[in-house]
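The values are calculated or read from the model by the stated rules, or taken from the named source; none is laboratory data. These figures come from a predicted structure and were not determined experimentally. Note that we place each Cβ from the backbone using ideal geometry, even for glycine, and neighbour counts take in every protein chain shown.
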Amino acid sequence: MLFNSIDFAIFLPIVFLLYWFVTNKNLKLQNLLIVVASYVFYGWWDWRFLSLIVFSTVVDYTVGRKLRNEEKQLKRKILLWTSILVNLGFLGFFKYYNFFLDNFITAFSFFGQEIQGNSLNIILPVGISFYTFQTLSYTIDVYKRKLEPTKDFIAFSAFVSFFPQLVAGPIERATNLLPQFYNKRTFDYSKAVDGMRQILWGLFKKIVIADNCAEFANQIFNNSADMNGSTLVLGALFFTFQIYGDFSGYSDIAIGTSRLFGFDLMRNFNFPYFSRDIAEFWRRWHISLSTWFRDYLYIPLGGSRGGTLMKVRNTFIIFIVSGFWHGPNWTFIVWGALNAIYFLPLLLTNNNRNNLETVAQGKLLPSIKELSFMILTFGLTVFAWIFFRAENIGHAISYISEILSLSLFSIPKFAGMSRALTTIILVAIFVLVEWKGREGQYAISHFGIKWKRPIRYAMYYAIIIAIFWFGGKEQQFIYFQF
Amino acid sequence: MKQFLTKVIIISLPILFGAIFMEFLLRNTPNDYLFKKQYLDKNSSEIETLILGSSHSFYGFNPEYFSSNTFNASHISQSLNYDFEILKKYQDQFKNLKTIILPISYFTLFGKLEAGSESWRVKNYIIYYGLNSSKSLIDYSEVLSNRINVNIKRIASYYVLGNSTISCTDLGWGTSYNSKNARDLAETGKTASKRHTREDINSDKYQLIFQENIFILESIIQWSNKNNVKILLFTPPAFKTYRQNLNQEQLKITINTSSDICSKYDNCIYDNLLSDTNFVATDFYDADHLSEIGAKKLSVLINERINKWK
């Protein structure tokens, strides 16, 4: 079920009313409702893959219970690896089997060895990369004794399958989300209103910004061989805002929806395109995944301790794995490696934690220096997105080659230029609103909060009208494919 | 909680009422689908020649030039599954039906209305033809199927400006593609051929669509055979700028498959008119659609073909 669908618009109020009016007296019942609703939400897409979620839930719950009573280190390790292998095994099979097979065949043929292998017609279960990492965080934290294993199977099932963030995050930590299922939730008016506002803003980002940018990004990337350099730059910019609007929009809807049910999810985006360096960008982009890799991969590898070589190795590992997490394509690996290259100079010169505060805090405009660094960081990010969006490495290289040719100085030309102008104006307004609201949790969290009610309502209606005005048929979220 | 629900209801009500009112206005705006449905409801028992298919039929066949009682029941982007649905819906009423004309264009066997950019048209078959063929709730509503600005334009055009919203003649021929407003044949040849070429016809997605279409096409022919109706399949004429840019594999499969299927049945003939030399530049509105001049030519040509076949 998509957040931007009529199905969800009917599903959400029904679950909300059942949650607060029918099951509110009994915590277990309330959690059970979340499990059932989450399975319906997921099964709407393809009920067959529910079995994977259920299996992961049972395995990790059992491993957690056994870890509680097990003192022998070797057995604890075996339990931990059982969970890791089962979860990553599913992920590896469904997501990476064909990639590895194809690359092995290519590698062997390079050395003159012909090997046979049948690629499989595998459908990628939606959200597998997200819930796999979420449930792994539970086993790892229990293994490290950072978290008490749960005895409550229903609460654990609800944690694994919690529908607002099941298919595209934020990837929650068991330490943050699981305990919230143990405690009785009480309806909080201001939290619910804030949740609704965040849902509204998320829908705006997805439907108005992302989907409109997608039309032109797709057109330009899919026909890049026929486009001049300046058009390709526009295409990369459209994709830059498409992916941000799409993914951060999803996160906003997920967080807002959770708030309606009394849950607090972790923040996933913090105005990343206003970053002054790449290190800051990665503290602000897909935060739940970056911190997951930091805590469960980078730090266990030694992090930034040790010598220069160790730092370089760990940085490349985390960025490349992070890229590969997005999908079985060399483009994602190059995208990750490129970000590692951007990041390394900052790390090696100890400048990776220079910009921890929000840019131009309390000010209307940034300084010239801040603006310059923001533009530079944004430019590097846009460049990296070309690899992320391209079909393959060859496509990315030819795309960039054309940008670097003299055609960069020609006038952009593609079908629907006048409509694209409307989208550019919308993006400009969007950036201004984001800039104005950059110190809040999301852009409109405090926007117009002190305005008189009629004006504030007029603003909400304007956003709603924009959603209907610029929205087309419901579109998939990009991160569903990851 | 009470306060929250009250606020949500207060904010939602104007939107809900606005949407219902808009839905009411849109559904009461005359359109080609409702118009053709009403014609079929009333006259299907008298129809002798039925034209089905997509825009290539809609603009390509003027029933006035047929010697038999002919109706053009095609619509823009109508795929084979909807051709068959229309046929099934009126099967008991088609008492005099003798011939069906069905285009097999370059994209027909690899396309499906639901899978393309024109999928918003699915609601027309559900709302106006009464076909329940979609799982998506959006397809049951006018308001939700299109952007609000498109809906407002439609409402304003009919209710405020008093424009006609029907784009076909009484017998179903599309009149918007006039030779006076003909488009650049070179440019439209490139864009249309690209739009109609599937990126990978061997992919699972297109193979599935292809298999479905073959099944539907055979079902239409078998239905016709059972009811003593002749069926004329044809690949419509197109200008050279369109033909030159086609994927040869997709084209070859389309032509060979149509020809092979048709040869299995006595009641079916297949004509490939794609490169027919009767059609020259002035017959085209754009590189793959005929203007009123070309439509007359094609209608006369096919009418003669049907008469000879008798």
Check your understanding: Restricting the stretch A:162-175 to residues that are buried (at least 16 other Cβ atoms within 10 Å of the Cβ) and closer than 19 Å to A:R65 by Cα, which is farthest from the chain's Cα centre (by Cα)?
Key -> A:A174
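Given the structure, is B:Y177 on the phi < 0 side of the Ramachandran plot, of a type outside the set (V, I, T) and in contact with a His (Cβ under 8 Å, 6 or more places away or on another chain)?
Working: on the phi < 0 side of the Ramachandran plot: yes; of a type outside the set (V, I, T): yes; in contact with a His (Cβ under 8 Å, 6 or more places away or on another chain): yes.
When the stated conditions are applied, B:Y177 passes them.
Please tell me if A:S38 is of a type in the set (G, A, S), away from chain B (no Cβ under 14 Å), assigned to a helix (DSSP H, G or I) and closer than 22 Å to A:G195 by Cα.
Working: of a type in the set (G, A, S): yes; away from chain B (no Cβ under 14 Å): yes; assigned to a helix (DSSP H, G or I): yes; closer than 22 Å to A:G195 by Cα: yes.
When the stated conditions are applied, A:S38 passes them.
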Exercise for review: Could you please let me know if B:S44 is crowded, with 20+ Cβ neighbours inside 10 Å, polar (S, T, N, Q), more than 14 Å from chain A (Cβ to nearest Cβ) and not in a loop (DSSP other than H, G, I, E, B)?
Suggested key: yes
**Study point:** Only listed residue being surrounded by 14 or more Cβ atoms within 10 Å (Cβ to Cβ), farther than 30 Å from A:K191 by Cα, out of contact with any Phe, Trp or Tyr (no Cβ under 7 Å at 6 or more places or on another chain) and of a type in the set (S, T, N, Q), chosen from A:S401, A:S418, A:S445, A:S407
**Key:** A:S407
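Does A:R305 fit the bill of being in a loop (DSSP other than H, G, I, E, B), assigned by TED's automatic domain parsing to the domain that holds A:Q361 and of a type outside the set (G, A, S)?
Numbers: in a loop (DSSP other than H, G, I, E, B): yes; assigned by TED's automatic domain parsing to the domain that holds A:Q361: no; of a type outside the set (G, A, S): yes.
Against the criterion (in a loop (DSSP other than H, G, I, E, B), assigned by TED's automatic domain parsing to the domain that holds A:Q361 and of a type outside the set (G, A, S)), A:R305 does not qualify.
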Check your understanding: With respect to A:A384, is the statement that it is in the same structural domain as A:G437 (by TED's automatic domain parsing), touching a residue at least 12 places away in the same chain (Cβ under 8 Å), in contact with a helix residue (DSSP H, G or I) (Cβ under 6 Å, 6 or more places away or on another chain) and more than 18 Å from A:P272 (Cβ to Cβ) true?
Key -> no
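Yes/no matrix, rows are residues, columns are (1) part of a helix (DSSP H, G or I); (2) in contact (Cβ under 8 Å) with a residue 60 or more places away in the chain:
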| site | (1), (2) |
| --- | --- |
| A:T240 | yes, yes |
| A:D252 | yes, yes |
| A:E280 | yes, yes |
| A:F293 | yes, no |
| A:Y296 | yes, yes |
| A:G327 | no, yes |
Study note, to complete from the structure: Subset of the stretch A:315-348, residues within 18 Å of A:G302 (Cα to Cα) and surrounded by fewer than 16 Cβ atoms within 10 Å (Cβ to Cβ), comes to A:V321, A:L348
Point to revise | Matching residues, the stretch A:434-454, being assigned to a helix (DSSP H, G or I) and more than 14 Å from chain B (Cβ to nearest Cβ) | key: A:E434, A:W435, A:K436
Check your understanding: Which of the residues belonging to the stretch A:1-32 are away from chain B (no Cβ under 11 Å), surrounded by fewer than 17 Cβ atoms within 10 Å (Cβ to Cβ) and over 23 Å from A:F156 (Cβ atoms)?
Key -> A:I14
Check your understanding: Out of A:K184, A:K191, A:K206, which single residue is away from chain B (no Cβ under 14 Å), among the basic types (K, R) and over 28 Å from A:G379 (Cα atoms)?
Key -> A:K184
Check your understanding: Which condition does B:M1 not pass, out of (1) more than 24 Å from B:K89 (Cβ to Cβ); (2) surrounded by 16 or more Cβ atoms within 10 Å (Cβ to Cβ); (3) not aromatic (F, W, Y), if it passes all the others?
Key -> (2)
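Against the condition more than 14 Å from chain B (Cβ to nearest Cβ), farther than 30 Å from A:R259 by Cβ and touching a Ser or Thr at 6+ places or on another chain (Cβ under 8 Å), how does A:A390 come out, does it pass? Step through it out loud before you land on a result.
Numbers: more than 14 Å from chain B (Cβ to nearest Cβ): yes; farther than 30 Å from A:R259 by Cβ: yes; touching a Ser or Thr at 6+ places or on another chain (Cβ under 8 Å): yes.
Criteria met by A:A390.
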Practice item. Scan the stretch B:29-37 and give yes if some residue there is under 24 Å from A:W469 (Cα atoms), more than 14 Å from every other protein chain (Cβ to nearest Cβ) and crowded, with 18+ Cβ neighbours inside 10 Å, otherwise no. Key: yes
